[in-house]
1. Taking K and R as +1 and D and E as -1, what net charge do the other residues with C-beta under 15 Å from the C-beta of Ala721 add up to?
2. Per DSSP H run of at least 4 residues, take -39500 (n - 2.57); add these up for the chain, divide by its residues and hand me the 222 nm value, nearest 500 deg cm²/dmol.
3. If I model a spin label at Thr403 and Arg51 as a point 7 Å from the Cα along the Cα→Cβ vector, what separation in nanometres do I get?
4. Quick one: which of Lys379/Lys409; Lys448/Lys534; Lys425/Lys458; Lys226/Lys587; Lys59/Lys212 span more than 18 angstrom between C-alpha atoms?
5. Hey, can you rank 21-33, 466-478, 399-411 by average C-beta count inside 10 Å, highest first?
6. Would you work out if the range 544-592 is rounded, prolate or oblate? Take a ≥ b ≥ c from the square roots of the eigenvalues of the alpha-carbon gyration tensor; rounded if a/c is under 1.5, else prolate when a/b is larger than b/c, oblate otherwise.
7. Pairing the Cα long axis of helix 684-694 with the longest principal axis of the chain, what angle in degrees results, from 0 to 90 and rounded to the nearest 10?
8. How large is the direction-averaged shadow of the alpha-carbon convex hull of the chain, in nm²?
Amino acid sequence: MSEERFQSAYQEEEERLEQTLLEIKQQFESLQAIPVYRGSDFTEQVLEDNREQRRQRLKRAIREPYFGRMDIQEDAHQVTATPLYIGKQGVDAEETDLEQEGFPKNRVHYPMVIDWRAPVASMFYSFTGGEAPAVYEAPEGPISAHVHLKRNLVIRNEQLQRVVDTYNREQGEEHVTDEFLVYRLGENKDNRLRDIVSTIQAEQDIIIRSPKNKALFIQGVAGSGKTTVALHRLAFLLYQYQELIRAERMIIFAPNRMFLNYISEVLPELGVGNIQQRTFADWALQFAQLEDKIILASSFDDIERWYGSLDARPKDSTPATGRVKGSVAWKLQLDRFVDRWVEDAIPDVEFVPWEGAVLSQETISQWFNEEYRSYEPAKRILRVQARIQRWLEMELKKERSRTLLSEKKKKSSQKLKTYMKKWPKTEVTELYKQFLQEEDYSGLLPAKNRKQTVSDLKKAFLQHEDLASLVYLYIRLNGVESADRFDHIVIDEAQDFSPLQIALLDRLTKNHSFTILGDLSQGIHAYAGIEDWKEMMELFHPEECSYHALTRSYRSTMEIIHFANQVLKRGIKTALLAEPVFRSGQKVAVVHQHTKVEQWLMNEIQRHHESGYQTTAILTRTMQEAKEWHEQLQSSSVPVHLIQGKEQQYEGGISILPVYLSKGLEFDSVILLHVNESHYHLNPMEARLLYVGCTRALHQLTLLVDGTLSPLLAEVSDEWAEHVHA
């Protein structure tokens, strides 16, 4: 675009912005002038709720009313194309019709800003140029339109900051669509994940707008935006299916509470609230009513066992009991066990409270297996036991002698207690212990592992790898109340989940409505997670699920992505490699420093701090190293935060943490310490670990080698890395 045309476009957009802000502010002020209704009239309460939603929507729109413009022509007879402005929330303008004879003046609403989730707005994301018509799915069917202009706009605090045309048919211009994307990616990070609504790419938009009633499996490379895509998908589903689903009946499962805090501002920025955000452990303990019954091991016990010590770290051959306990085969054994348990639930004896009074085992069996068959097993048992109690009361009413009645009551009470003890216990920890003690069902595990788990349960102690089994048993015994069901479930970092967790959650969601996302190349929890998405997908019929691969990485520079890919290929030889967008930066710095490492690190921290980066991570191999370095760096003039995995929120700034806790986060710059032969061996587990560390960096990546270079870096090309000997 020439300078003259740019100035003309900029002036045009400034004028349009001024008009838009004037209309939005007038509407907002009108709503603010209406007193808030605090009475008990239901109709007025609903009206007030609608007004408050509009107030909040307009308040957000004032800051950034829209981010894009498309001029489209749906009808060939149109003289000019219609400009559509697209924003995070739709805003209607109001006009007054001319007064006609016999009719009062009418207020007419027309869209001033189109909600990004509206069908027509999908063209903004799917159209990449050319004169062929674009198509969007409207309620009445597919509609095609010719696009004359596609324009990206940056508005901050009511000020127009940037205008970029990615397509202009009139001028015969078709720019590289990455130009605006690269501009946005080049911005520095703070301590929160941000929405990507202005830069959603076509392959991401397909996932966001996918139908609700399917389990979507998303394999996304590091930096592909999969987490953000899933959050935008929630916002879209609430818009598209607003009559069918509610925000409070949706949930996001994330790996830890700090990560939940990190993503906490995306949905509110999109105008979405009340969606539940939990870790699986927190939810599971509450759902299965285990909070006051067991002590759950720290969520970092397992990962510390694998990564916490260089000397004690397991080899690849270490048995992963968590993989077994989370497998489909384990689920099938649990099902077999419960089915048999239900078959054997009724005591194989009749109930005789006193001589001459008999409730036959056949009658009790008929109650259990026929009359109460529609109830879940635990509820069936309670119903039958209550029925036995009522039968006994009826029998006692037949006795007319007070003396005999007193004797019968006393005798029958003891008989009833003895008989009820013959019924199986419905407490899930007891049931799980019984399951583990029967080799016919739990023989997938070595006897010593089963014995240890039983021993732990007797002390009311539970490992994380056993939590899903207890919850699954709870569901099989008690079923799921309607209040506990979800309209949609998002599972982030799902490569660290187990098939059993997916299976039990599927019993809580309607129509398999899932968004399941992760990256197998970042599967550092090999003791619990999956190795292939098929392990989970086989839980569903083919028509009930779909698979999507996001291969482009939008987080890091080309140099960082290519460097990380070579680490991954060296250790795993995988085909799941990231394709970077064309955003070039500095080469990865591989610094060989054998003396005065502490002084070098302090200088490096100061340099990163002065570079304008808002977030920097210093990544160590173990937690002990993170603590030791944090103590040494206390004398630094720049504050450094130690992250130990129990934090409720991420503070930003300069952080030091073990690399295994950095997964899911991203930083402007990353310094990886001790990338030597003793810290990172040539094996898949540690290749994934180093890959995770490298791909946390957006703009700058530095690796410190104090000793012999890690074999994972042996084949890294000089095209992407620069070796510095200090």
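1. It works out to a net charge of -2.
2. The helix contribution divided over the chain gives -11500 deg cm²/dmol.
3. About 8.0 nm separates the two model spin labels.
4. Lys379/Lys409; Lys448/Lys534; Lys226/Lys587; Lys59/Lys212
5. 466-478, 21-33, 399-411
6. oblate
7. Between the helix axis and the principal axis of the chain, the angle is about 40 degrees.
8. Hull-based average projected area comes out at 44.4 nm².
The values are calculated or read from the model by the stated rules, or taken from the named source; none is laboratory data. These numbers were taken from a predicted model, which means no experiment stands behind them. Glycine gets a Cβ as well: all are built from the backbone with ideal geometry, and neighbour counts include every protein chain shown. Please note that ligands, DNA and RNA were not included when accessible areas were found on the heavy atoms of the full protein model with its side chains. Shrake-Rupley method; radii C 1.70, N 1.55, O 1.52, S 1.80 Å.
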